[in-house]
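Q: Here it is, the structure in full.
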Amino acid sequence: MISILPEFLRVIPITMLVVVVSAVFGFLLSVPVAGIRIRKVPVLNLITDLYISFTRSIPILLQLFLFFFGIPVLLQLLGFDVTNISAMTAAIVCLIIYNGAYMSEVIRPAYLAIEKGQHEAAESLGYTRFQKLTKIIIPQMTPIALPGLGNAIIHLIHDSSLVFAIGVVDIMGLATIISSGSFGMQQVEVFLTVAFIYWGISFASEQIIRYLERRKKRVLNRTGYEMKEEAEYNV
């Protein structure tokens, strides 16, 4: 296990690239999707409902195959040449779309959990919509949403282990190569090493989420105190 660890250290950045890019852009995708569903925008709301239903119902491995093998064929029929699409690009795009659907279902209930009175109080104080979101709503949403977002990221780390199926040589891809090269004689050592690596990545992610939860709770308490003081001053 010690002798093969340096080989895995060289491919950890590939896994981290897939996870980080998919998490960031998945979150950016989830915000407008959640906003459309909260406001029930005509037509777009139906499209986002179908998107979330399809994405959450189809196994991620099957979605990876569809993106890598199926989407290029579809785009070629429409006149777009995407024969040079890489497995890494297909994996990241697929995970962004997949993760965006899950994160939107974390953000939406977090927004709806904020009492209507909080919106009315902010409006009565003369806050603009942007000020209401940034100073009142988002600080209260964040502690509610963070545990769900943390779970989504942990699941994303697990899902990233499947990208080797379409040819990405990440941690699991290298493990498969090493195991095949030894004719299955070192499978226990190889996959146990992989298990410890994923455990370490997941543990680090959990600690970051817990730190953000503690920090945002302090911000929430301070925000509530400042709003109370402002309301008393206006009275």
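The values are calculated or read from the model by the stated rules, or taken from the named source; none is laboratory data. For clarity, every value in this text was computed on a predicted model and none was experimentally measured. Because the Cβ atoms are built from the backbone with ideal geometry, glycine has one as well, and the counts that use them run over all protein chains shown. The area values use the complete protein model at the heavy-atom level, side chains included, leaving out ligands, DNA and RNA. Shrake-Rupley method; radii C 1.70, N 1.55, O 1.52, S 1.80 Å.
Q: Ranked highest first by average number of other Cβ atoms within 10 Å, how do 172-181, 204-213, 64-73 line up?
A: 172-181, 64-73, 204-213
Q: From the protein chains alone at 1.4 Å, what is the descending order of accessible area for Asp159, Asp49, largest first?
A: From most accessible down to least: Asp49, Asp159.
Q: Sticking with this one: Pick out, from Val93, Leu156, Leu29, the residue whose Cα sits farthest towards the positive end of the charge dipole of the chain, with +1 on the Cβ of Lys and Arg and -1 on the Cβ of Asp and Glu.
A: Highest projection toward the positive end goes to Leu29.
Q: I've got another one for you. Hey, of (1) 12; (2) 25; (3) 31, which did the structure itself give for percent of Cα pairs over 34 Å apart when calculated?
A: Correct label is (3).
Q: Follow-up question, since we're still on this one. So how do Ser53, Ser202 rank on accessible area, 1.4 Å probe, biggest first, that is with the largest at the start?
A: From most exposed to least exposed: Ser53, Ser202.
Q: In addition: Using alpha carbons only, how many degrees (0 to 90, rounded to 10) separate the axis of helix 87-112 from the longest principal axis of the chain?
A: 30
Q: Taking a 1.4 Å probe, which of Arg215, Arg39 shows the most accessible area, and what order do the others take after it?
A: Arg39, Arg215
Q: Kindly express, to the nearest 10 degrees and within the range 0 to 90, the angle between helix 187-234's C-alpha long axis and the longest C-alpha principal axis of the chain.
A: Once rounded, the angle reads 10 degrees.
Q: For the chain, please report how many Lys pairs fall under 16 Å Cα to Cα, leaving out neighbours fewer than 8 apart on the same chain.
A: Within the chain, the lysine pair count is 6.
Q: Which one of Asn45, Asn84, Asn99 has the biggest mean-square fluctuation once the chain is modelled by GNM with Cα springs under 10 Å?
A: Among Asn45, Asn84, Asn99, the largest GNM mean-square fluctuation belongs to Asn84.
Q: Could you work out how far helix 5-39 tilts from the main Cα principal axis of the chain, as a 0 to 90 degree angle to the nearest 10?
A: The angle comes out near 40 degrees.
Q: Quick one: putting +1 on the C-beta of Lys and Arg, -1 on the C-beta of Asp and Glu, what dipole do you get for segment 115-206 around its Cα centre, in Debye to the nearest 20?
A: The dipole magnitude comes to about 320 debye.
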